[in-house]
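*Asks:* Quick one: the structure is below, questions incoming.
The values are calculated or read from the model by the stated rules, or taken from the named source; none is laboratory data. Given the structure is predicted, the values throughout are model-derived calculations rather than measurements. Here the Cβ positions follow ideal geometry from the backbone for every residue, glycine too, while neighbour counts run over all protein chains shown. The protein model used for the area step is the full one, side chains on, heavy atoms only, and it has no ligands, DNA or RNA in it. Shrake-Rupley method; radii C 1.70, N 1.55, O 1.52, S 1.80 Å.
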Amino acid sequence: MRLAGSAWLSLEAPISLASVIPGGNMNCLTRPDSTASATAVPDSGPLGPSHRAPFARAGLCSALAAALASLPTADASAQEPDRIEEIYVIATALSSGDLDPGRLPYAVQSFSAEDLDQPGYYSVVDLLRQRAGSITANDAQNNRLQPDIQFRGFTASPLLGLSQGVAIYQNGARINEVFGDTVNWDLLPTSSFESMNLVAGSNPVYGLNAIGGALTLRTKTGFSSEGGSLDLTAGSYGSRDIGFTQGGNNGNWGYFIAFESMEEDGWRDFSESEAANAYGSISWRAEKQELDLFLNIGDTSLRGNGAVPLDLLRADRTSVFTHPDATDNELTQVSVSYRYFFDAGTELSVSGFSRQLEVNSFNGDGTEFEECGEDDDDDDFDGMDSDTDMDGEDEDDEFEGFLCHDEDGPVQDLDGQLVAEDFNAINNRSRREQDSLGFTLQLLLNRDWGGVANQAVFGIDYFYGETDFSSSVEFSRLTEQRGTTLTGRFYADGFVTLQSELETFSVFASDAISISDRLTLTLSGRFNGTHVDNVDPSGLNPALEGSHHYERLNGGIGLQYDTSDRTAFYTSVQQSSRTPTPVELACSEPDAPCNLPNSFLADPPLDDVVARSFELGIRGSTEYLSAWRVGMFYTLSQNDILFQTTGGVSSSEGFFENAADTLRQGVELELAGGMERFSWYLNYSFLAATYDDPFVSSSPNNPAAEDGRLLVASGSDIPGLPDHNVKFGAATQALEWLTFGVDFRGASGVYLRGDEANVDAKTDEWFVTDLYAAVALGDHFRIEARVDNLFDEEYETFGLYGEADEVLEDVEDESGRFLGPAAPRFYWLTLSADW
């Protein structure tokens, strides 16, 4: 175990962009005679010798091999069938600096397998939320494997309903899910990964959805990870993790297998979860060829019970509002990567993948229906008059004692029967079967053209994905503990089916031009053509059906200038885009809101989101700092897609629309240093995330809203995003066999979701301390202990507005505020063996 802050890349030696680009091959540019290397900081320290990342063969290399894997998933926008929307061309193509991460014209954070090997880290998301710079997380679900992750204010989340803005790649395969670009962190266990890179900016190289950045993950092989390990972890609240790995090779053939499982009772009530993931790779190496075959299998069952009203939070922070909120995922993914080296400067790369994911969700909630006669404005129901006196009061309401819609009369079940008002809850069920496949073909040329060194990549991507979606709404009753019952009575209009097909074809090119020994210009561009078809197989909702097309050319330009051997200046201008996802298209009608993630009713057109980013910074190393960086960024997203809530007990009903342009700008400071027995890091970011246009926000559960609406002024803060975010850590090797360290994390408060106008108070700022220690027991065994939130701070990272009185009696707090409490003090103990 070692200090795992943002692992900085030293400028003392070049490394291949392959390490940060999806699909990038760490061995791609040169053959075994290459001497290029990189250092992950700290160079040396209390937790072991220098960690030399196996990034060799510098160059654009699989850099765009990355592009290679960009395998953009298409999300589409509504249009009349077969109508092509406008093609926008950006004059200049994008940049990448010199194509080794220490010289790229944007920020890159790199992490190793050892960084990921920490007590209590089941998924890569644990490292991101606890130690990565410019990363914040909120506890919308209160499950450690279901957080919303924000990078520079852009989201990567497992939850439908959020505007996703970070592209995720695993061995070149784009793993944002087909239906909503969501990210299932529970299917990314730490034990199978040898490296992780967080790349900033609206980089077109990474294809669709990379409007805020990209996260690239490379799994282990028998050539990168020989030997085996076994980790047994026990933690608070019934947490039990097991990890096993084994790998090896004979020079030509290699294998690697990993298994990881997690079980926990959860620190919140009714929050038990479990996850199991298996990974395997078979690899072949020859003089001029490399072949890797990867297999991932996952089976998880997660419970995340979300935010709670203030009355419950003050009484008991472990309590839940309504339950269960269950998500079950089953994954099978196969991917392959082949590389052929014609010579030291020419490489052909081919990669492909097939991914099948089934998601089943069950959400118990308070009913969305009203008791008949509760609204005095409803004098008749769907053409059926009720007797009233001259004052408009009911004299004989034949529907008294039953449930009604707000305006459209009594609710009926599947058999046409009225539903009694004591059915005060509903069970939302949904099922998504998502299949996707894709391939990338790429040619790398490392040549001098006209006496100028160039590292050029040309390639094509193809992606296809389909989703079969179905949902239902069951009438239910709340138990004394606010759970829901199974009744077998279903809402007649609550059945929805949707079949969606997405197809994206992309062409990309990039060139890193060495203008001089110190100055590198990188240009790149990418054309994406996306098509989506929505079909309702039941024929009950013809408004769901449509054919949507998008085409766009993105690009950018960047410069990297080495002012000295240890200092570099970088700047870039980039553009990327994302098309509306099927879930957004199927839930974009204000007059027919949906209840996420379970019902979709109509799909009027949505525009694609176009993000243009500017980045400027300086970085380097000194005698006392292994690495340092100071930078600023500016990203303007045009036609950003927002979820407009129209109600629901927890504001889950609503629709998507292109509400406004959004602006995210800020500054970042990153430092890392160390001595022989001591190492440390510091990440600080300031983020100003605002709406760039005035617009009207729908927020009926916000008490300040008039007729359920808020006027949002230009410059208002985007809810859920803190202005200030800081992470600091230090570790020391006190004895040859004893290492211990401390991490500090903190952030400023955030506005609640539903308070886009910033009329209510923010959550409180927070600051927590984590401690850890490792004891070596000989050469092959160790014990590691960790305490998260050492001082048991009570704080919240997320909030929204809801209707507590629909479920609770005698509600004292009438603010409508629901908050997501963060985890209390948590203990971890790990026993490890390696061989």
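*Asks:* List the lysines whose Cα lies under 25 Å from the Cα of Lys727, skipping any in the same chain that are fewer than 8 positions away.
*Replies:* Lys762
*Asks:* Kindly rank 121-130, 267-276 from highest to lowest mean number of other beta carbons found within 10 Å of each residue.
*Replies:* Highest-to-lowest ranking by the protection proxy: 121-130, 267-276.
*Asks:* Can I ask one more? Peptides 673-680, 759-766, 518-525: what's the order by average Cβ count within 10 Å, highest mean first?
*Replies:* 518-525, 673-680, 759-766
*Asks:* Can you tell me the length gained on complete extension of the stretch Glu545 to Glu794, counting 0.36 nm per residue apart and subtracting the Cα distance?
*Replies:* 84.9 nm
*Asks:* Largest first and in whole Å, give the semi-axes of segment 687-780's equivalent ellipsoid, each being the square root of 5 times a Cα gyration tensor eigenvalue.
*Replies:* Computed over segment 687-780, the values are 46, 12, 10 Å.
*Asks:* Using a 1.4 Å probe, how large is the accessible area of Phe569, given in Å² and rounded to the nearest 10?
*Replies:* 80 Å²
*Asks:* Ok, one more. Considering the options Gly465, Phe475, Val411, tell which one lies farthest towards the positive end of the dipole of segment 406-490, charges being +1 on Lys and Arg and -1 on Asp and Glu at the Cβ, about the Cα centre.
*Replies:* It is Gly465.
*Asks:* Let me ask something else about it. Report ³J(HN,Hα) in whole Hz for each residue of segment 501-512, in order, from the Karplus equation J = 6.51 cos²θ - 1.76 cosθ + 1.60 where θ = phi - 60°; Gly and Pro get x.
*Replies:* 10, 10, 9, 10, 10, 10, 10, 9, 8, 8, 8, 9
*Asks:* Relative contact order of segment 429-471: what whole-number percent is it, with Cα pairs under 8 angstrom and at least 6 residues apart?
*Replies:* Result for segment 429-471 is 54 percent.
*Asks:* Over segment 246-303, what percent of the accessible surface lies on carbon and sulfur atoms, probe 1.4 Å?
*Replies:* 55 percent
*Asks:* How much length is gained on full extension from Ile618 to Val535, taking 0.36 nm per residue of separation minus their Cα-Cα distance?
*Replies:* So the chain would gain 24.8 nm between Ile618 and Val535.
*Asks:* If amide hydrogens are placed 1.01 Å from N in the peptide plane, which non-local residues have theirs closer than 5 Å to the one on Asn701?
*Replies:* none
*Asks:* Let me ask something additional. Over segment 268-378, with the other protein chains present, what is the accessible area per residue in square angstrom, probe 1.4 angstrom?
*Replies:* Accessible area per residue, segment 268-378: 38 Å².
*Asks:* Once each part is reduced to its C-alpha centroid, what is the distance from segment 302-376 to segment 688-716 in angstrom?
*Replies:* 27 Å
*Asks:* Another one. Going by average Cβ neighbours within 10 Å, how do the peptides 298-309, 176-187 rank, with the highest at the top?
*Replies:* 176-187, 298-309
*Asks:* I've got another one for you. Report ³J(HN,Hα) in whole Hz for each residue of segment 170-182, in order, from the Karplus equation J = 6.51 cos²θ - 1.76 cosθ + 1.60 where θ = phi - 60°; Gly and Pro get x.
*Replies:* Each residue's phi maps through the Karplus curve to give 10, 6, x, 8, 6, 10, 4, 5, 4, 6, x, 6, 6 Hz.
*Asks:* Right, another one. Please compute the per residue accessible area over segment 743-784 with all protein chains in place, 1.4 Å probe, rounded to a whole number of Å².
*Replies:* With all protein chains present, segment 743-784 gives 45 Å² per residue.
*Asks:* Can I ask one more? So for Lys288, Lys727, what's the accessible-area order with a 1.4 Å probe, most first?
*Replies:* Heavy-atom accessible area, descending, gives Lys288, Lys727.
*Asks:* Further, regarding this structure: Of the accessible area of segment 746-822, with the probe set at 1.4 angstrom, what percent is carbon plus sulfur?
*Replies:* Carbon and sulfur together cover 47 percent of it.
*Asks:* Probe radius 1.4 Å, ligands and nucleic acids ignored: give me the carbon and sulfur share of the accessible area of segment 114-196 as a rounded percent.
*Replies:* In segment 114-196, the share of accessible area belonging to carbon and sulfur is 42 percent.
*Asks:* For Leu721, what residues show an amide H to amide H distance below 5 Å, using hydrogens built from the backbone and excluding near sequence neighbours?
*Replies:* The list, which skips near neighbours in sequence, is Tyr751.
*Asks:* Could you pull out every one of the lysines with an alpha carbon less than 17 Å from that of Lys288, ignoring same-chain neighbours closer than 8 positions?
*Replies:* Leaving aside lysines fewer than 8 places away in the same chain, none come within reach of Lys288.
*Asks:* From largest accessible area down, sort Asp292, Asp661; use a 1.4 Å probe on the protein chains.
*Replies:* So, going from the largest accessible area down, we get Asp661, Asp292.
*Asks:* Moving on. Using θ = phi - 60° and the Karplus relation 6.51 cos²θ - 1.76 cosθ + 1.60, list the HN-Hα couplings for segment 487-496 in order, rounded to whole Hz, with x at every Gly or Pro.
*Replies:* Rounded to whole hertz, the list is 10, x, 9, 10, 5, 4, 9, x, 8, 10.
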